[in-house]
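*Asks:* This structure is in structure tokens; I'll ask about it shortly.
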Amino acid sequence: MFFAYVLKSVQHEFYYKGHCQDLEIRLRQHNAGMTQSIRHYIPFEVAYFEKFETEDTLIDCHLKHKKRKLYHRILFKTNRKPLVENELAIVF
């Protein structure tokens, strides 16, 4: 099982996206400061996640959503609701 996820900093207005095979372990790693680029924003909580059966399906979804990156940034910055439920799903 593979997961794509969006984390939200508990103390800052900061979001981080990623993917992994074990979401619980990965969240613990992030909150332990093991990802240097986001240490200043810990602690994190999971804002959204999605499960994928294979890494290939996760990558296909990643490429599809990558094209929507600007749309997602606008939604996050303006706190607007998405036009379609779960549209904010993955922000790659």
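The values are calculated or read from the model by the stated rules, or taken from the named source; none is laboratory data. Since the model is a prediction, treat every value here as computed from it, not as a measurement. Using ideal geometry, Cβ is built from the backbone for each residue, glycine included, and neighbour counts are taken over all protein chains shown.
*Asks:* What pairs come up if the first residue lies in the range 35-49 and is touching a residue at least 60 places away in the same chain (Cβ under 8 Å), the second is outside any loop (DSSP other than H, G, I, E, B), and their beta carbons are under 9 Å apart, counting only those six or more places apart or on different chains?
*Replies:* none
*Asks:* Filtering the range 40-58 down to residues that are in contact with a His (Cβ under 9 Å, 6 or more places away or on another chain) and not aromatic (Phe, Trp, Tyr), which residue is modelled with the lowest pLDDT? Let's see the steps before the verdict.
*Replies:* First pass over the range 40-58, keeping only residues in contact with a His (Cβ under 9 Å, 6 or more places away or on another chain): 40-44, 52, 55, 58.
Remaining after also requiring not aromatic (Phe, Trp, Tyr): 40, 42-43, 55, 58.
Numbers: HIS40: 94, ILE42: 96, PRO43: 96, GLU55: 88, LEU58: 85.
If we take residues in the range 40-58 being in contact with a His (Cβ under 9 Å, 6 or more places away or on another chain) and not aromatic (Phe, Trp, Tyr), then LEU58 is modelled with the lowest pLDDT.
*Asks:* Checking the condition at pLDDT below 95 and assigned to a strand (DSSP E or B), which residue from HIS62, HIS19 passes?
*Replies:* HIS19
*Asks:* Filtering the range 1-19 down to residues that are of a type in the set (A, V, I, L, M, F, W, C) and crowded, with 17+ Cβ neighbours inside 10 Å, which residue is farthest from ASP60 (Cα to Cα)?
*Replies:* Out of the qualifying residues, it is LEU7.
*Asks:* Touching an Asp or Glu at 6+ places or on another chain (Cβ under 7 Å) and not aromatic (Phe, Trp, Tyr): is that true of LYS17 in this structure?
*Replies:* It is false that LYS17 is touching an Asp or Glu at 6+ places or on another chain (Cβ under 7 Å) and not aromatic (Phe, Trp, Tyr).
*Asks:* I'd like the full set of residues that are surrounded by fewer than 12 Cβ atoms within 10 Å (Cβ to Cβ), polar (S, T, N, Q) and in a loop (DSSP other than H, G, I, E, B), limited to the range 22-54.
*Replies:* THR54
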